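Taking it in order: structure first as structure tokens, then the write-up.
The values are calculated or read from the model by the stated rules, or taken from the named source; none is laboratory data. Worth saying up front: this structure is predicted, and the values here are computed from it rather than measured. Backbone-built Cβ (ideal geometry, glycine too); neighbour counts: all protein chains shown.
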Amino acid sequence: MLCVQSLIMPKMNHRLLHQRLTKLAKEFVLFLLIALFERPCVTSLSLSTTRRQILLQPIVLGSLAAPQNANAARGAAELDLEFYVRDFIGGNRPEGNVQASTLPILAPPRTLSPFFEKVLNKECSIDCLATQQLIAQIQRRDQKRETALLEKEIHRQAHTIGEGARKSFYSRAPWESETMTDQYFFDLTAYSFWKTAAVLLPNFADRDMFVRNLGRSIYQSLRDERLLQTKCREESLSSSIPCVVAVLDCFVSTNFCKAYRLGEKIDDEYLFLDDIDNQAWSNGVSVDCLLSIFESATLGSSLQITGEQSRFIPDLVGPTIAAVWDTQSTVQWESYFVDPEYRPNPKDYFPNEQLFQYTLAKR
């Protein structure tokens, strides 16, 4: 029994000592915090200075510059100190005390134009533009890959990914029919296809080329289908605006997106490729411009993939607009998702806008 006690007592003493030191540390920090907020007044520092005054000397000397007995407002340092003290004593919840709001209920799915079955079909077969461009890009890297085998591989992987994501997509945005004219089913299919493309194209340069070529093929198909009849002029950037507008009108009229906006708002006016941009572009200076689309058919899949820490998203509008400028400019672009509504809860983020920033340089 004595041996057991001799083994246990040191541990008990160590635990008790740790608890006492922790308690003393908390009391000391609280004491300093109270002393700081009270801003005590010191008139002398004599040999008879008490232990309390000695502890307060650094704080007091730092506050001598302030008027005596002043009711100063709490500064940033004091607020920060209070936060750290609270965290030390009771812990601050890292996720905050406010829960995220309930997700807004989505509208019923829009009916897309049959044109988008030519862009991406349910089977992800070679009959659609997306699969054609994906196979072509893979074969640029490896010419030995057979088209028929690649088509089967794309279908198999896309089907597997789609089945795994079906339940979560449906719970968020239920489709009414499993057809590519149903907005939400198209979104699921786009997710599964782009995830498959990410596996088959691990190289970022290959992904970029695939996206650009898909945009070019969509742009040409819009012309072939006579959905786009506006002729594009190339003498200046601003001369391309009618063609850009016509392409965006096509995406709206086919129900791919609900609306769009051109330009950056300056003094209650949206500016997009004006004469100043024309002059800069003509002199070899790169020009930036902005445009937005709202509630696109691939918004859900794009947000999901972005949430999975990838920038390789099912973007059809961005590369198609880039194709408009392709013959006159080198085009780079980035896209961002924006929640246009202010929400006091920082956890609420319900974007419906996809903002594109293009950088154009004369060829």
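Starting from region 95-118, take each residue that is modelled with pLDDT under 95 and list its partners that are surrounded by fewer than 12 Cβ atoms within 10 Å (Cβ to Cβ), counting only C-beta distances under 6 angstrom and pairs at least six apart or across chains.
V98/N345; A100/K347; S101/N345
T306 versus (1) assigned to a helix (DSSP H, G or I); (2) free of Cβ contacts under 8 Å to residues at least 60 places away in the same chain; (3) within 30 Å of E235 (Cβ to Cβ); (4) of a type outside the set (F, W, Y): which is the lone unmet condition?
That leaves (3) as the condition not met.
Considering (1) among the charged types (D, E, K, R); (2) in contact (Cβ under 8 Å) with a residue 60 or more places away in the chain; (3) under 12 Å from N121 (Cα atoms), say which one E178 fails and leave the rest.
(2)
Are any of the residues in region 226-241 under 27 Å from Q137 (Cα atoms), in a helix (DSSP H, G or I) and touching a helix residue (DSSP H, G or I) at 6+ places or on another chain (Cβ under 8 Å)?
No - not one qualifying residue is present in region 226-241.
Got a sec? Which of Q133, Q139, Q157 is touching a Lys or Arg at 6+ places or on another chain (Cβ under 7 Å), surrounded by 13 or more Cβ atoms within 10 Å (Cβ to Cβ), of a type outside the set (A, V, I, L, M, F, W, C) and modelled with pLDDT of 95 or more?
Testing whether each residue is touching a Lys or Arg at 6+ places or on another chain (Cβ under 7 Å), surrounded by 13 or more Cβ atoms within 10 Å (Cβ to Cβ), of a type outside the set (A, V, I, L, M, F, W, C) and modelled with pLDDT of 95 or more leaves just Q139.
For region 323-363, name all the residues that are aromatic (F, W, Y) and either surrounded by 14 or more Cβ atoms within 10 Å (Cβ to Cβ) or out of contact with any strand residue (DSSP E or B) (no Cβ under 8 Å at 6 or more places or on another chain) (or both).
Passing the criteria: W325, W333, F337, Y342, Y349, F350, F356, Y358.
Considering only residues that are without any contact (Cβ under 8 Å) to a residue 12 or more places away in the chain and of a type outside the set (G, A, S), which ones fall in region 221-248?
Matches in region 221-248: R223, D224, R226, R233, E235.
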